[in-house]
Amino acid sequence: MPMRIALRSMVLVVTSAAMVSAASGADTVKVAIGQIDAWANQAPTLGMKAGIFQKHGIVLETFGTQGAGETLQAVISGSADIGIGIGTAGAMRAIAAAYVGVGDQYWYVPANSPLQRLTDATEKHTMAYSTNGATSHVIALGFVKQLGVKAKPTATGGPPATYTMTMTGQIDIGWAVVPFGLAELQEGKIRVIARGPDVPTLRNQTIRVQIVNANALKERKDVMIRFMRAYRESLDWMYANPLAVKYYAETIKQPESLVVMQRDQYNPKDALSPDRLSDLDQVMADAVEMKFLDAPLTKEQLAEFFQIPPPRT
């Protein structure tokens with residue numbers, strides 16, 4: 001089944017934010033998370049650790065994927081109810097926004113590489129991205145189209161696998177999402193030669209979204225509304241409570257100072273807002289070019305597909 005057809009039958013959006021009484025027992029929600037260790041995707045993990053989702057009558061079962069392609073398949077198949085961190089151009093239907101801009105992703109080379117800039121690469125060089133339809137894929141294609149980069153975009157999976165391939169010479173230019181690789185950068189093992197915002201049209205896009213399985217939404221709409229309430233609360237907690245930094249530093253086994261640095265410099269809270277939809281015309285243009293859509297969505301289709309449950313007032 002072509003992906004764009006599967007996507008069109010996969011999800012609808014929540015259309016009501018009516019008050020829902022808490023269930024007598026906790027509802028389980030299965031969540032697939034692309035790049036599960038990235039700070040931008042930590043709301044489910046940290047929110048559970050802080051007891052926030054439980055307070056809303058929800059228990060999460062989370063698992064990581066190598067990127068958007070795997071996350072999409074998990075949601076399409078029903079092995080996950082919700083997918084976190086999907087490239088918008090590859091999904092175009094969402095229960096919430098996930099990330100605006102591309103400031104958390106970068107491309108690097110080993111310290112001894114002859115490449116000083118991304119534009120130094122030739123057709124003989126390879127340039128990493130995670131999986132088709134992922135944010136890193138959209139950025140890599142943007143490097144080629146908008147900056148004239150000649151390196152060949154190559155799928156390499158998540159940051160750890162990509163790092164190994166880059167440092168052993170299997171790939172010339174690696175990709176990563178912060179905080180992965182920042183310690184190696186500080187130690188002088190790698191050099192950053194490009195960042196996501198180098199692609200002009202991506203700087204203000206809602207580049208990633210959260211998607212929901214159609215059956216899960218139809219049968220458990222109240223649970224999905226409560227999930228979003230807990231998600232917003234978890235995000236607020238991540239930027240206000242020092243325990244979030246402590247817990248995350250323990251998870252990724254890095255100093256708390258590095259966690260604070262990557263949060264403040266690469267992941268401003270506004271970028272992670274689940275309610276911020278930005279530059280959708282360009283998003284749709286990218287989706288058409290990547291053959292995830294046949295044509296840009298109409299105003300009516302956008303209104304249907306992006307009806308994000310508002311916060312409880």
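The values are calculated or read from the model by the stated rules, or taken from the named source; none is laboratory data. A quick note: this is a predicted structure, and the numbers were derived from the prediction, not measured. Every residue, glycine among them, receives a Cβ derived from its backbone with ideal geometry; neighbour counts consider all protein chains shown. To get the accessible areas, we keep the full protein, side chains included, count just its heavy atoms, and leave off ligands, DNA and RNA. Shrake-Rupley method; radii C 1.70, N 1.55, O 1.52, S 1.80 Å.
Points to keep in mind about this one:
- From its DSSP helices (H runs of at least four residues, each -39,500 (n - 2.57)), the chain gives a residue-normalised ellipticity at 222 nm of -11000 deg cm²/dmol.
- Net charge over other residues, Cβ less than 13 angstrom from the Cβ of residue 185 (K, R count +1; D, E count -1): +1
- Rg over Rh, two decimals, the chain (C-alpha only, Kirkwood Rh): 0.96
- Principal-axis tilt of helix 221-240 within the chain, Cα atoms, nearest 10 degrees: 50 degrees
- Between the amide H of residue 35 and those of 65, 67, distances stay under 5 Å, these residues lying 5 or more places away or on another chain, with hydrogens modeled in the peptide plane.
- Note on residue 28 and residue 150: with the Förster distance fixed at 51 Å, the Cβ-Cβ geometry gives a FRET efficiency of about 0.60.
- Placing pseudo-labels 7 Å out from each Cα toward the beta carbon at residue 291 and residue 260 gives an inter-label distance of 4.9 nm.
- Phi-based couplings in Hz for region 121-127 (Karplus 6.51, -1.76, 1.60; Gly and Pro marked x): 5, 10, 4, 7, 8, 10, 10
- Scanning residues 5 or more positions from residue 95 or on other chains, those with amide H under 5 Å from its amide H are 210, 211, 212, with H placed 1.01 Å from N in the peptide plane.
- The slack in the chain from residue 301 to residue 59, taken as 0.36 nm per residue of separation less the alpha-carbon distance, amounts to 83.9 nm.
- Of the GluC sites (Glu not before Pro) in region 213-313, not one is in a loop by DSSP (not H, G, I, E or B) with at most 14 other beta carbons within 10 Å.
- Placing a label point 7 Å from the Cα of residue 204 along the Cα-to-Cβ line, the residues of region 279-294 whose backbone N sits under 18 Å from it are 279-286.
- Ranked packing of 58-65, 181-188, 100-107, most packed first, by mean Cβ within 10 Å: 100-107, 58-65, 181-188
- Accessible surface computed residue by residue for the chain, with neighbouring protein chains in place and a 1.4 Å probe, gives 42 Å² per residue.
- Surface composition of the chain: carbon plus sulfur atoms hold 52% of the accessible area, using a 1.4 angstrom probe and ignoring ligands, DNA and RNA.
- DSSP assigns beta bridges within the chain; of those with both partners inside it, close to 50 percent run antiparallel.
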